[in-house]
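This report concerns only the one structure given below.
The values are calculated or read from the model by the stated rules, or taken from the named source; none is laboratory data. Quantities reported herein were computed from a predicted structural model and do not represent experimental measurements. Because the Cβ atoms are built from the backbone with ideal geometry, glycine has one as well, and the counts that use them run over all protein chains shown. Keep in mind that these areas ignore ligands, DNA and RNA; they rest on the heavy atoms of the full protein, side chains included. Shrake-Rupley method; radii C 1.70, N 1.55, O 1.52, S 1.80 Å.
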Amino acid sequence: MFRNYFKTAFRSLSANKVYSFITVAGLGVGIAVCLVIFLFIKYERSFDDYHKNKANIYRILTVSTQKNTKNDPMGAVPFPLPTATKTDFPDWTTAGTFALYNVQLMAMNKAGQPEKKFKEKKGVFLLEPSFFSIFDFTWLAGDPHKSLEANRNSVVLTKSTAQRYFGDWKLAMGRSIKFQNHDLFTVTGVLADPPSNSDFQVKAVFPYAIANFEKNKDWRTLNSDHGCYILLPPNQSVASADARLNVFSKKYRAADNENTQLLQSMAMVHFDEKAGNYSGRTITFDRIRSLWTIAAFILLIACVNFINISTAQAINRSKEVGVRKVLGGRRQQLTLQFLLEAFLLSLSAVIFAAVLTSLLLVPVSQVLDMPVSFDVFSETSVLLFLAATTIGVTLLAGFYPALVLSSFNPITALKSKLAARSSSGINLRRGLVVLQFVIAQALIIGTLLMVRQMDYFTQSPMGFDKTAIATVPFPGDSLGLSKLDYLRNRLLAVKGVQLVSYNNSAPADDDNWYTDFNFDHSAKGTPFAAINKWVDKNYIATYGLQLVAGRNINGTDSIDQFLVNETLVKKLGFSDPHDVVDKEINLWNGWAKGNIVGVVRDFHQSSMKDSLQPMFMLNKKRGLNAAGIKMDGTNLPETMQAIAKIWATTYPDFVFEYQFLDEKIASFYKEEVNLSRFYKIFASIAIFLSCLGLYGLASFMATQRLKEVGIRKVLGATAMNIAYLFSREFVLLIGIAFLISTPIAWYFVHQWVQQYVFRIPISAWVFVAGGGLALLIALATVSFQAFKAAAVNPVKNLRSE
């Protein structure tokens with residue numbers, strides 16, 4: 001019996017090749033989208049799952065009042081905290097962590113001479129030995145308990161780092177590495193490279209003890225790169241641990257320090273966008289839910305195509321159903337027959353989707369910065385997902401058409417009296433077309449608004465000049481600082497270089513340092529923290545900042561002059577910027593003290609996703625570590641080559657690297673850019689699938705109305721008249737879809753832009769443009785079939801009775 005079902009199903013599908021192809025293509029593309037999203041989410045949710053103690057690993061967060069973000073815990077802890085927890089919580093396994101950036105490392109040869117130099121932008125950590133008791137890293141050489149505590153001059157490398165430095169990781173043990181061109185460290189261990197789905201992308205590990213954090217008694221200052229992880233005993237609840245930590249915080253902090261600590265499960269670290277992590281890669285649960293929703297909608301559109309085409313074709317199979325029923329076929333058997341056909345189509349679509357995904361996943365992963373692999377036979381979860389999708393699509397897309405086809409009255413069917421355009425069938429197909437275009441238009445409108453928001457971020461003025469300015473780090477030690485005047489003179493002699501400023505960060509940076517201070521001889525510190533930047537007198541001119549009160553700092557090397565921004569003036573309670581000039585700022589109990597000499601107009605200190613923060617700039621040579629070089633932009637490659645030569649002769653042991661300021665600012669929006677690409681792809685696929693369904697329906701309509709078209713042409717109808725006849729109903733349906741999708745799209749986009757401090761207004765023209773684009777594409781699809789039907793000789797149509 002089942003053999004007969006399969007034979008009949010194959011014959012039926014073969015007899016309707018065009019419609020079968022449209023169905024398989026539509027379903028296949030929809031399932032491929034779902035599969036890509038499934039793989040992406042599976043990858044994101046797998047971060048650090050390989051640690052066997054993950055369920056008991058926690059990160060200590062700090063709820064700080066310094067940045068006026070009481071509800072936003074940070075992944076930073078005070079410097080003395082990790083050492084203090086070892087004393088107060090002997091039952092916890094505690095590990096202090098500190099991430100270093102832009103570290104200069106030099107591999108030494110066996111004779112102890114410099115051999116290779118490297119600049120590690122990230123991946124260099126200061127870790128306690130207990131870190132490797134909490135987290136699972138594979139040791140290829142060395143002892144996890146002794147490699148970092150044998151002495152303070154030890155370093156542990158990962159396999160790939162050891163190979164870059166010494167050619168073969170097996171030759172790394174016992175070799176030396178010079179840290180920041182100063183101290184020598186001996187390689188005492190080699191780790192296997194961490195998997196890509198880890199928030200600890202370690203390259204080199206130095207002892208946490210070299211920083212001497214245990215001597216630091218400052219419980220107020222926080223550094224976002226300094227964290228602490230703990231391993232709780234299995235029998236200790238998180239609630240009781242949090243309660244103990246709260247008592248611990250009160251014990252050590254000063255009376256005016258309101259910062260508190262709490263625990264965060266390791267399972268939540270990768271999904272906490274506000275607290276962040278060491279990889280800099282996070283994804284929120286809201287974003288995951290939105291991706292699942294889009295996947296469901298894309299698949300729904302594909303299933304709607306299946307239902308529309310299957311029910312529209314019902315009239316062509318009415319006689320087949322009538323004959324089967326007269327010969328004794330029961331409705332259940334017919335339903336099973338048509339469900340089997342739906343299953344074969346779904347299975348074909350799943351196979352097509354798997355092939356499509358395997359071909360496109362690599363380029364898609366590169367575009368979206370998503371290192372995801374796909375092997376349908378090696379991962380059980382992928383096989384289960386595809387099996388569940390096959391069954392789900394079969395039931396979702398095939399059940400209703402099977403019921404419709406199996407319900408025909410045999411006598412009516414055999415007499416060919418079934419209405420090809422029954423009201424119930426037409427209304428269902430109309431509703432499904434509207435549903436398709438509601439989803440498609442909502443995605444198009446949302447994508448257009450997202451693109452506009454991104455354009456606003458990248459094109460809006462930030463309050464400073466970011467054009468043709470390169471940031472070039474230099475060694476901040478005494479020898480490096482002693483060469484700055486010589487370096488400036490040589491740089492200014494290069495053709496194309498206009499200005500040079502020495503500082504510790506550009507106006508906009510993703511790693512700003514915050515601190516509170518005492519203002520105007522007050523004994524109490526400010527209730528807020530301000531960004532501090534170390535600059536020279538050329539900073540304002542190089543970056544095009546504007547003074548609104550006072551003057552610029554001069555060229556002295558003593559901390560007796562400060563520049564502040566307008567936001568800091570307002571936070572201090574002043575309305576007129578001139579009122580703060582000559583007022584004193586006292587940092588770190590008098591270590592840095594001086595008067596405010598000028599007020600600069602507000603500029604964005606980070607991305608435009610964030611609000612403007614209070615900020616001061618101070619002049620001190622000791623804090624400088626980079627040059628901001630303003631060029632005329634006429635011949636940048638040649639200019640940068642000349643600068644590189646100057647750097648090589650001035651700092652021969654220092655790796656030359658640079659980053660253009662506009663490129664750095666663009667990197668602030670990397671995640672939003674990737675998400676925007678996702679939505680562009682999804683919107684394109686949604687409109688493609690919707691139009692694929694329209695093409696199938698219009699094609700079927702043209703076949704059913706050939707004689708009507710012939711008669712109309714004989715009576716003088718033009719091709720445009722025929723196109724209007726076919727298109728008017730679809731225009732009405734797409735118009736209804738537009739009216740439904742507009743408020744839906746507005747609501748979700750409005751919710752999305754609320755997360756940004758600086759955002760675009762939601763303009764009506766974007767909705768009109770999105771609806772118009774969907775209408776034009778749909779009309780092109782339907783009109784193609786209409787003109788094709790109108791081009792057929794009417795005599796031929798009228799003869800074929």
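Of the residues making up segment 214-232, those that are part of a strand (DSSP E or B) and hydroxyl-bearing (Ser, Thr, Tyr) number 1.
With the condition kept exactly as written, say whether any residue in segment 183-202 is over 18 Å from Tyr50 (Cβ atoms) and in a loop (DSSP other than H, G, I, E, B). Checking segment 183-202: not a single residue is over 18 Å from Tyr50 (Cβ atoms) and in a loop (DSSP other than H, G, I, E, B). With respect to the conditions (1) under 26 Å from Thr284 (Cβ atoms); (2) at pLDDT 85 or above; (3) not β-branched (Val, Ile, Thr), Gln66 lacks only one, and its number is (2). Once segment 759-779 is narrowed to residues that are in a helix (DSSP H, G or I) and free of Cβ contacts under 8 Å to residues at least 12 places away in the same chain, the residue that is least open to solvent (accessible area, probe 1.4 Å) is Gly772.
In segment 524-545, which residues are in contact (Cβ under 8 Å) with a residue 60 or more places away in the chain, open to solvent by 50 Å² or more (accessible area, probe 1.4 Å) and either of a type in the set (D, E, K, R) or under 29 Å from Ala468 (Cβ atoms) (or both)? Lys524, Lys537, listed by residue number. Listed by position, the strands (runs of 3 or more DSSP E) contained in segment 81-154 that have at least 3 residues being among the β-branched types (Val, Ile, Thr) are 93-100. If you check Asn181, Asn223, Asn212, Asn197 for being open to solvent by less than 50 Å² (accessible area, probe 1.4 Å) and at positive phi, only one passes: Asn181.
Applying the criterion of being among the acidic types (Asp, Glu) and either touching a residue at least 24 places away in the same chain (Cβ under 8 Å) or on the phi > 0 side of the Ramachandran plot (or both) to the residues of segment 86-115, the residue that is least open to solvent (accessible area, probe 1.4 Å) is Asp88.
Once segment 721-741 is narrowed to residues that are open to solvent by less than 10 Å² (accessible area, probe 1.4 Å) and of a type in the set (Val, Ile, Thr), the residue that is farthest from Gly772 (Cα to Cα) is Ile722. Counting only residues that are among the aromatic types (Phe, Trp, Tyr) and modelled with pLDDT of 75 or more, how many does segment 322-365 have? Looking only at that region, the number is 2.
Contact map, segment 116-145: first residue within 21 Å of Ala55 (Cα to Cα), second residue open to solvent by 50 Å² or more (accessible area, probe 1.4 Å), Cβ cut-off under 7 Å, separation 6 or more or different chains; pairs are Pro129/His145; Pro129/Glu149; Asp136/Tyr50; Asp136/Lys52. Given the structure, is Ala141 within 27 Å of Gly280 (Cβ to Cβ) and small (Gly, Ala, Ser)? Here the answer is no, as Ala141 does not meet what is asked. Between Gln441, Gln459, the distinction of being open to solvent by less than 40 Å² (accessible area, probe 1.4 Å), within 30 Å of Val673 (Cβ to Cβ) and modelled with pLDDT of 80 or more belongs to Gln441 only. Taking the criterion of being over 17 Å from the mean Cα position of the chain (by Cα), at pLDDT below 90 and under 26 Å from Leu100 (Cα atoms), would at least one residue in segment 226-247 satisfy it? For segment 226-247, residues over 17 Å from the mean Cα position of the chain (by Cα), at pLDDT below 90 and under 26 Å from Leu100 (Cα atoms): absent. Within segment 162-176, one or more residues are at pLDDT 90 or above, over 34 Å from the mean Cα position of the chain (by Cα) and assigned to a strand (DSSP E or B). Among the residues of segment 189-204, is there at least one that is closer than 15 Å to Phe118 by Cα and either touching a Phe, Trp or Tyr at 6+ places or on another chain (Cβ under 8 Å) or hydrophobic (A, V, I, L, M, F, W, C) (or both)? Yes: one or more hits.
Restricted to segment 462-516, and to residues there that are basic (Lys, Arg) and surrounded by 15 or more Cβ atoms within 10 Å (Cβ to Cβ), the residue that is nearest to the chain's Cα centre (by Cα) is Lys466. Scanning segment 234-266 for residues that are among the small types (Gly, Ala, Ser) and open to solvent by 40 Å² or more (accessible area, probe 1.4 Å) yields Ser237, Ala239, Ser240, Ala243, Ala254, Ala255.
Sub-9 Å Cβ pairs linking a first residue in segment 464-481 that is within 11 Å of Tyr502 (Cα to Cα) and modelled with pLDDT of 90 or more to a second residue that is among the aromatic types (Phe, Trp, Tyr) and in a strand (DSSP E or B), at least 6 apart or interchain, are Thr471/Phe660, ordered by first then second residue. Could you grab me the full set of residues in segment 742-758 that are open to solvent by 40 Å² or more (accessible area, probe 1.4 Å), part of a helix (DSSP H, G or I), in contact with a helix residue (DSSP H, G or I) (Cβ under 8 Å, 6 or more places away or on another chain) and farther than 18 Å from Phe297 by Cα? If the condition is that a residue be open to solvent by 40 Å² or more (accessible area, probe 1.4 Å), part of a helix (DSSP H, G or I), in contact with a helix residue (DSSP H, G or I) (Cβ under 8 Å, 6 or more places away or on another chain) and farther than 18 Å from Phe297 by Cα, then Trp752 is the only one that fits. The residues of segment 440-463 that are in contact (Cβ under 8 Å) with a residue 12 or more places away in the chain and over 30 Å from Leu300 (Cβ atoms), listed by number, are Tyr456, Phe457, Thr458, Ser460, Met462, Gly463.
Note on segment 632-673: residues that are open to solvent by less than 60 Å² (accessible area, probe 1.4 Å), among the β-branched types (Val, Ile, Thr) and under 21 Å from Ser482 (Cα atoms) amount to 4. Quick one: Lys524 ticks every box in (1) in a loop (DSSP other than H, G, I, E, B); (2) at pLDDT 85 or above; (3) over 20 Å from Asp632 (Cα atoms); (4) not small (Gly, Ala, Ser) bar one, so which box is it? Of the numbered conditions (1) in a loop (DSSP other than H, G, I, E, B); (2) at pLDDT 85 or above; (3) over 20 Å from Asp632 (Cα atoms); (4) not small (Gly, Ala, Ser), the odd one out for Lys524 is (2).
Selection of segment 552-599 for residues being open to solvent by 60 Å² or more (accessible area, probe 1.4 Å) and part of a helix (DSSP H, G or I) yields Lys570, Lys571, His578, Asp579.
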